[in-house]
Amino acid sequence: MSAARRTLLSLLSLLSLLSTLSGCKEEPTPTHVLLILEADPVIREQARSVRVSAYATAASTAPPRDEGALTDRRDWEVSGDASWPIRVLLTPQRFAEGRYRIVASTELDGFGRVETQVISGYVAGEVRVVRLRLYDACLGAGPCEAEERCDVVGECEDAVVAPEALECLDSGCRPDGGRDAGDDADAAHDAAPSADAGGRDAGPIDAGADAGPPPPPASPSRFDFPSVDSIEVLGGASLGDGVLVVGSAMVGTNRDAFALHYLGDGGSRWASRFGEATRNERFYAAAARGTEVVAAGLHRGGRGTGPNNDLLLVRVGPTGLGMARTYGTTEDELLYGLTPGGAVAHWIGFGECGVRPNREALVVAFDSALQVEWASCARAGAGEDAFFSSGIVVGNTIFAVGAIEGTGSRTFVARIGAPDTATMPFGWRSADTGSRAVAATWDPVTSRVLVAGSLMGLPALLRFDEGGSFHGATWVPLDSGAALTNVRVDGVEGVPFVTGVTASDAIFLPWVAALRETITLQRFDDASVTAFLPTPIVEAGGARRVVVQSGGRAVLDLPFNRAPEAGCGVPATSSPDEATDGGEAVPLTLTPRALAATVFDAATTTALVPGTSDRCAP
């Protein structure tokens, strides 16, 4: 008998025992569906968490994907091949005679969301098997219809399967209830090493905490660093089973790069300062590609006649910071953003190059060894000052976002291909001033690039198609000077989850919201962020987490698979409005940039020991 079969039988025995203990009449044969979820290599490598949602209806038609039909939802942390396949045992909860819809999804940095689904029903007194797979070919694919799913070649196929057509787990299926798997089913199970060599036996989806990772902490976690003068939180990524936060730490007149690794339950692993005693360093961003994690920013070097900024890249592992490299010229180069490069390169970095006031936008492609494959400085129009704060990769195309600063700041979005492709560079800028783009993500529901930023000084979410054409924007009416600083698309409802800032006495206060018809914001008066750079959103510990700075010398972790604790967030309501800004295309000129490389071994790493507390206020 296979390990998968033994695991399932153990689960069935447990359910039978629980039924007996609760005084329920025991069924002669249980009614269940066993979900076995697999994934292709790229998704296995890059996915950090997986969500499974179950919907049900008493009708013979497919249940809708809304909260009214939702019967259960679970999240699992995953990390490489050992986490797959994921096995979930489903039990009828409300409608044993109707239909269910099971949706499995994951979010990948640089690619957005990929999902699959099945629509079927239970067979009374039988255990049927549903096998689903998340295909690499579906990365960046367009949305399918409501009762379809993405197949092995990235096209849409029917997701509806007759209950009797589902695989029988054992030979106990009724002769008239579909095919009898018998010994052939055992052979099929035992012939699939990936199903038995590892993976996650998740337990029943309605079996409580044992069915997934531990729940997030009961309240936000705070990490204080009394040995430094100040902390900046500038970037974040998932790292192993926890969260990596990067930024800078100030001690006296010296600024070092800063990194903190902590677990989803709020326990810290390690924290470090990184830099030279007579130079300044900053980490602006961190990104994860499978088990690889890299922090990026700047090193205040000395390649020119005076100090200038160089790109800084540092590998990060579960135990601390690793190999570091710098790249530069006699002018300035630095990175504000980093993302997995998809089909374009291993990593893509975004930043600026040149000398102020004539800086240009910078895009750099890196290989897996952190060597530069190519670099380009981008100029949008004559005499204007452009930079990128971040970006994403969609298929073979890079979307970079930032601002043009000539006669007032304007939102700037660029579409760029690798030098050896036929993709023509394309630039778009907003018509109004007082605007800026900060972060971007891919929305698989609408097949749009969503850009978080501002229009006319108000927070705005802009929409672009894959060709770079503008398709309108949504305003969040707040005080002037506010902006959106990051965006993710909710995996179930397709609702944008956003972070933003409002200005108060030159301090930028963070808030979070879901962009529904009525918006409930959660503001944080005891925290702050750096304006016009993406506020870190990290998926870890079974929760979506927003990470900010607090009290000058502390990191504040806010998990958002539930509302923030009372006294931490201050709720406010608003209603979104459609914004109109025709914008205009601008010429985009790319100039190759030759960057000299240095293995950066002059820096020292200094351990920091944080104090922790489960509270929001300093």
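The values are calculated or read from the model by the stated rules, or taken from the named source; none is laboratory data. Note that this is a predicted model, so its numbers are computed, not measured. Don't worry about glycine lacking a Cβ; one is built from the backbone with ideal geometry, like all the others, and counts go over all protein chains shown. Ligands, DNA and RNA are stripped out before the accessible areas are found, and what is left, the full protein with its side chains, is counted by its heavy atoms. Shrake-Rupley method; radii C 1.70, N 1.55, O 1.52, S 1.80 Å.
A 1.4 Å probe run over the protein chains yields, for segment 68-136, 30 Å² of accessible area per residue, whole-number rounding. Dipole orientation for segment 313-464: of the candidates L455, T433, A378, L455 has the Cα lying most toward the positive pole (charges on Cβ; Lys, Arg +1; Asp, Glu -1). Among T326, T605, T530, the order of accessible area from largest down is T605, T530, T326, computed with a 1.4 Å probe on protein heavy atoms. Accessible-area rank, largest first, for E517, E578: E517, E578, with all protein chains present and a 1.4 angstrom probe. Principal semi-axes of the equivalent ellipsoid, √(5λ) from the alpha carbon gyration tensor of segment 253-391, are 26, 19, 13 Å from largest down. Segment 342-409 and segment 45-86 have Cα centres separated by 36 Å. Annotation: M456 carries an accessible surface of approximately 120 Å², with a 1.4 Å probe and no ligand, DNA or RNA atoms counted. Sorted largest first, the spans of the alpha carbon positions of segment 311-399 along the three principal axes are 45, 32, 19 Å. Here Y284 sits with roughly 30 square angstrom of accessible surface, probe radius 1.4 Å.
Simple spin-label estimate for A585 and A137 gives 3.3 nm between the two label positions (7 Å along the Cα-to-Cβ direction from each Cα).
With a 1.4 Å probe and all protein chains in place, put T61, T116 in order of accessible area, largest first.
Ranked list, largest accessible area first: T61, T116.
The amide H of S49, built 1.01 Å from its N in the peptide plane, has V78, E107 as neighbours under 5 Å, considering only residues 5 or more places off or on other chains. Solvent exposure of segment 310-454 amounts to 29 Å² per residue of accessible area, where only protein heavy atoms count and the probe is 1.4 Å. A protection proxy built from the mean count of other Cβ atoms within 10 Å ranks the segments 368-377, 519-528, 340-349, most packed first, as 340-349, 519-528, 368-377. In this view, the solvent-accessible surface of M424, computed with a 1.4 Å probe and all protein chains in place, comes to about 130 Å².
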